[in-house]
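Here the structure comes first, spelled out in structure tokens, and everything after it is commentary.
Read-outs throughout are calculated quantities, based only on the coordinates presented, and are distinct from any laboratory measurement. All values derive from a computational prediction rather than experimental measurement. Every residue, glycine as well, gets a Cβ built from its backbone with ideal geometry; the counts of neighbours run over all protein chains shown.
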Amino acid sequence: MGIDIKNVKEAEAMRVVGLMAAETLLAVGNALRPGMTTDEINTLVHEDTIRRGARPAPLNYRGFPKSVCTSINDVVCHGIPGAEVIQNGDIINVDVTSIYQGFYGDTSATFYIGTPSPEARHVTEVARRALELGIAEVREGAFLGDIGAAIQQFVESKGCSVVRDFVGHGIGRRFHEEPQVKHYGKRGSGERLRAGMTFTIEPMVNLGSYAVTIDPTDKWTVRTVDGSLSAQFEHTLLVTKKGHEVLTSRPAALNNSETAAALYLMA
Ligand code: MF3
Ligand code: CO
Ligand code: CO
């Protein structure tokens, strides 16, 4: 089948849904408070998505029971919202995927709840920068492997590890399509990027080993095997001749972290 190339109209539809998902994620960032349950985050995402005339893609996706993924501390991804209360010092990834007029937009961020430990801040800021460095590789003619290589090199230089078992993905009229976007690998390997491709980059970064395990009871929650913290950021991108567009870029900074971020990594 190969990798789908979006035409001008399809790319515009991807911009529209990308902005919707970005705005919903921004609303989450503005609402998070210690003492909230992850079910309350789910309700916020569900209602905000519907209010925009969109649908939450996770709900009933391969049996997923909720409208958003909420992944706390050692949970790497696919955490299921429920009665769990978010506490001061936690880090939580919230992963929003919206469907509008048949197109998907997928974006996530890791948020600080109250004051993070130095370790929590480190893994989160490494993940944030890893996504930026991956995005910077995206232009027509570059290789898919250039993205993974840039991310892996940086993450490992900061003493963290890149999860292997989950990858970024093509996206469009389906949630997950070709290609797989690995967050590790070799420069110059894999498919060449072409203008009109749309895919996510979503590195999961662990403070310890990259080994992960899926909860045998709920069959969804992914945790680090060693119990170490894990952080993730995700954007949906469009490849252009000159470079890329970040289709899920946010119209405002995430209030609880993005200003401190750049300073931290420079130190
Ligand atoms: N949003 C996730 C991704 O980035 C996928 C979640 S699948 C779900 O690919 F079923 F858990 F929602
Ligand atoms: Co994704
Ligand atoms: Co996602």
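For the range 57-171, with only Lys/Arg (+1) and Asp/Glu (-1) charged at the beta-carbon, what is the dipole magnitude about the Cα centre, in debye rounded to 20?
120
Using the Kirkwood radius built from alpha carbon pairs, what does the Stokes-Einstein equation give as D for the range 190-243 at 10 °C and 1.306 mPa s, in µm² per second?
Stokes-Einstein gives a translational diffusion coefficient of 116 µm²/s.
For the pair ILE214/ALA253, report the inter-label distance in nm, with labels modelled 7 Å from Cα in the Cβ direction.
Placing both labels 7 Å along Cα→Cβ, they lie 3.9 nm apart.
Label 7 Å along Cα→Cβ of GLU140; the range 229-250 residues with amide nitrogen under 16 Å?
238-245
Answer with one residue from VAL167, LEU238, GLY208: the one whose Cα lies farthest towards the positive end of the charge dipole of the chain, charges on Cβ with Lys, Arg +1 and Asp, Glu -1.
Positive-most Cα among the choices belongs to LEU238.
5 Å is the cut-off here: which amide hydrogens, built 1.01 Å from N in the peptide plane, fall below it relative to ILE201, excluding neighbours closer than 5 in sequence?
HIS235, LEU237
Can you compute the charge dipole magnitude of the chain about its Cα centre, using +1 on each Lys and Arg Cβ and -1 on each Asp and Glu Cβ, nothing else charged? Give it in debye, rounded to the nearest 20.
Dipole magnitude for the chain comes out near 700 debye.
Suppose the chain between ARG51 and VAL16 were pulled fully straight at 0.36 nm per residue; how much longer would it get relative to their current alpha carbon spacing?
The ARG51-VAL16 span can extend by a further 11.1 nm.
What value does the chain have for Rg/Rh, both radii from Cα atoms and Rh as Kirkwood defines it?
0.94
Given the C-alpha centroids of the range 33-99 and the range 136-198, what is the distance between them in whole angstrom?
25
Taking H placed 1.01 Å from N in the peptide plane, check which residues at least 5 places from ARG164 or on another chain put their amide H under 5 Å from its amide H.
Result for ARG164 returns nothing.
Just to be sure I understand the model, the point goes 7 Å from the Cα along the line to the Cβ. What's the resulting GLU119 to ASP165 distance in nm?
Each label point is offset 7 Å from its Cα along the Cβ direction, giving 2.0 nm.
How big is the charge dipole of the range 112-197 about its Cα centre, in debye rounded to the nearest 20, if each Lys and Arg gets +1 on its Cβ and each Asp and Glu gets -1 on its Cβ?
The dipole magnitude comes to about 80 debye.
Can you give me the distance in nm between label points at LYS186 and VAL8, each placed 7 Å from the Cα along the Cα-to-Cβ direction?
4.1
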